[in-house]
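These notes are about the structure you will find just below.
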Amino acid sequence: MRGREQPIIIMAKKGRMKANINTMSVTIVLDNGTLHNTDGLDSQIVRFKRYQLHIPLKPPTRIDGDDVTKLSRGSMSQEQLLAAARKYGVDTKAGLIYLTEYHHRLSLPVGCLILSLLGLPLGLQAGPGRKAVGIPLGLGFFVFYYVVFTLFRVMAEDMVLPLLAGMWLPNIIFAVITGIIFWRVEQERPIFSERLTIWLESVFDTLFFAPLKRLFNLFSRLLSKRQNGGSKKKEEEPVREGMLVHADAKERLFHLPGCEQYHCENCTLQFNSTFVACEAGFKPCPYCETQLEKYDT
């Protein structure tokens, strides 16, 4: 045992250790041992059949200067958020911050469901001879919902709006909009006026379709250049490697297709490539040597 000027030494034949996470403690149980205590010139030996030592554990409260005993709002459970709100007071600004996080986790999935339902009538706006106007409308509604939801949440945290109104009013507004759009589509009426629809299409073309079209054209040009470069290389390769090379055994020279001496009387040997001809001890004629230099460059 430490923490003393003269430590106590405990020895036992066997022992076991129990840990309790709830109380953050460790219990050591020793059987059939001795306890040795020295105090100056005097010594004391205590024999025991069973010795139990309780050690409380104290976890660190700060790591790198941060307090690890406090949970952030995002890491709290729903029950912990309500408990924290009651601790600070549900009518205080500190308590409202925890309550807004609580209602945020409930209202956001409902908002996602409403936006998913809103996508059904918007997707029906596409048809033969008409642009897919539902895509820009869907993106617009999504951005609009995010802005409204964030704005109302900030107003609720600043106690400008009541908590329930600030956290659930955006969902109510978009639920009404979704119902109106469903009704107009069911009545086979346009969602918006023709003039507004044309303006939305032009904005979507300018912001989305035009940049995507430019990127696609650039990618197509790069791909075509790469393919042309590869085909050119394939066309040059057979001239050097794939076509037969005629060689003059007397002069020890070989000729490529296109050379005037390619069909000479002394060209009785044939090689599959210039590499094989060079390995056999033959050299290209002056004309073929210039052609090979062109291919190398």
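Residues that are more than 57 Å from the chain's Cα centre (by Cα) and not in a strand (DSSP E or B) within segment 35-58 comprise Gly40, Leu41, listed in sequence order. Only one of the numbered conditions (1) under 21 Å from Thr150 (Cα atoms); (2) at pLDDT below 80; (3) hydroxyl-bearing (Ser, Thr, Tyr) is violated by Thr61, and that is (1). Looking at segment 1-26, which of its residues are of a type outside the set (Gly, Ala, Ser), at pLDDT 85 or above, surrounded by 14 or more Cβ atoms within 10 Å (Cβ to Cβ) and over 45 Å from the mean Cα position of the chain (by Cα)? Within segment 1-26, Ile10 is the sole residue that qualifies. When Asp205 is tested against (1) at pLDDT 90 or above; (2) over 30 Å from Ala85 (Cα atoms), exactly one condition is not met: (1). Residues that are modelled with pLDDT under 70 and either hydrophobic (A, V, I, L, M, F, W, C) or more than 40 Å from the chain's Cα centre (by Cα) (or both): does segment 263-280 have at least one? Checked against the condition, which is being modelled with pLDDT under 70 and either hydrophobic (A, V, I, L, M, F, W, C) or more than 40 Å from the chain's Cα centre (by Cα) (or both), segment 263-280 yields no hits at all.
Being outside any helix (DSSP H, G or I) and either modelled with pLDDT under 85 or in contact with a helix residue (DSSP H, G or I) (Cβ under 7 Å, 6 or more places away or on another chain) (or both) is the filter here; which residues of segment 281-297 pass it? Even if it seems obvious, please write down each step before you answer.
First pass over segment 281-297, keeping only residues outside any helix (DSSP H, G or I): 281-285, 297.
Correct list: Pro284, Thr297.
Close Cβ contacts (under 6 Å, 6 or more residues apart or on different chains) running from residues in segment 251-265 that are assigned to a strand (DSSP E or B) to residues that are of a type in the set (Gly, Ala, Ser) comprise Phe254/Ala247; Phe254/Ala277.
Taking (1) surrounded by 18 or more Cβ atoms within 10 Å (Cβ to Cβ); (2) more than 30 Å from Thr92 (Cβ to Cβ); (3) at pLDDT 75 or above in turn, Phe152 satisfies each apart from (2).
The values are calculated or read from the model by the stated rules, or taken from the named source; none is laboratory data. Model, not experiment: these values are computed from the prediction. Don't worry about glycine lacking a Cβ; one is built from the backbone with ideal geometry, like all the others, and counts go over all protein chains shown.
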